[in-house]
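A short worksheet on the structure shown next.
The values are calculated or read from the model by the stated rules, or taken from the named source; none is laboratory data. Worth saying up front: this structure is predicted, and the values here are computed from it rather than measured. FYI the Cβ positions are ideal-geometry reconstructions off the backbone, even for glycines, and counts take in every protein chain you see.
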Amino acid sequence: MLEAAAAASGPDMGSGREWVRPWVAGIAGAGLAVAAAGPAAACRLALALAMDVSRSIDAADYEIQRGGLIAALADPAVRAAFLEHGPVALAVFEWSGEGYQEVVVDWLAVRRPDQLDRIAARLAQHARLPATLPTALGTALLFGRDLLASAPWCDARVLDVAGDGRNNDGRPPAWAHAQEGWDGITVNALAVGGHEAGLAEYFAREVIRGPGAFVEHAASQQDFPRAIRRKLLRELIPPLLGALPGQGFPSPRGAPIARP
């Protein structure tokens, strides 16, 4: 069934531009179709990566982030973490203002190296929306929640939110977390410094949730490639969501914040 879910995304894995309201409207039917697969799908993790493309992310920052994620998917340790412990379903979306979230890579069951190569190629081909929009973290969280509702049946579900600023558009993260539908979802974060002080602590207080949730910290955009690699390893290597040795210290909510 995982293979069927992967095939359903089509050869370009969701390449069309999909704005938040029409895309979410179509999620319910897709979610029902995948849910019917049940536990037999044998997927250990559904992982949704949410990438910040708000106006504070300039063209150079965007290329660092995209290149960093592509490099992480080519890293031998990350590839082994994807492939050696059981299937992982992966999706990637970009987010910025309240009215813009776009699925770049729709759900794909990762079982073979060539599937990671396909995801990397899709990321490399993707053209960023030219508009400069604010930072709607609350809406991004809800979009990620709904995207996970359409994922293949997996033992665990994780939403992974990368961002370089606090919410400044639409409803706040606390409002999003107060909505229904979060059962069984862990939210981790990658806080990218350089624009706002104390961002890792803000993400620990306002964004992450669920057992073992953590904040990875990149001191600047230049550190993003190292940080995304560290974060993926923490999420992919069993025990799920376990911290890498020596990398964390307590956040205001008791969740670890990993520093480079």
Return yes or no: is ARG226 modelled with pLDDT under 95, surrounded by fewer than 17 Cβ atoms within 10 Å (Cβ to Cβ) and charged (D, E, K, R)? no
Reported set for region 154-172 where residues are on the phi > 0 side of the Ramachandran plot and either modelled with pLDDT of 95 or more or charged (D, E, K, R) (or both) is none
Tell me which of these PRO239 doesn't satisfy, since it passes every other one: (1) under 17 Å from the mean Cα position of the chain (by Cα); (2) at pLDDT 50 or above; (3) not acidic (Asp, Glu); (4) not in a strand (DSSP E or B). (1)
For region 131-151, which positions are surrounded by fewer than 23 Cβ atoms within 10 Å (Cβ to Cβ) and touching a Leu at 6+ places or on another chain (Cβ under 8 Å)? ARG145
From TRP182, TRP175, residue being closer than 23 Å to VAL88 by Cβ and either part of a loop (DSSP other than H, G, I, E, B) or modelled with pLDDT of 90 or more (or both): TRP182
Out of all the residues in region 40-85, which are assigned to a strand (DSSP E or B) and among the acidic types (Asp, Glu)? ASP52
Odd one out for ASP146, checked against (1) under 25 Å from VAL78 (Cα atoms); (2) touching a residue at least 12 places away in the same chain (Cβ under 8 Å): (1)
Among the residues of region 102-126, which ones are over 15 Å from the mean Cα position of the chain (by Cα) and part of a helix (DSSP H, G or I)? PRO113, ASP114, GLN115, LEU116, ASP117, ARG118, ALA121, ARG122, ALA124, GLN125
Quick one: how many residues across region 55-77 are buried (at least 16 other Cβ atoms within 10 Å of the Cβ) and basic (Lys, Arg)? 1
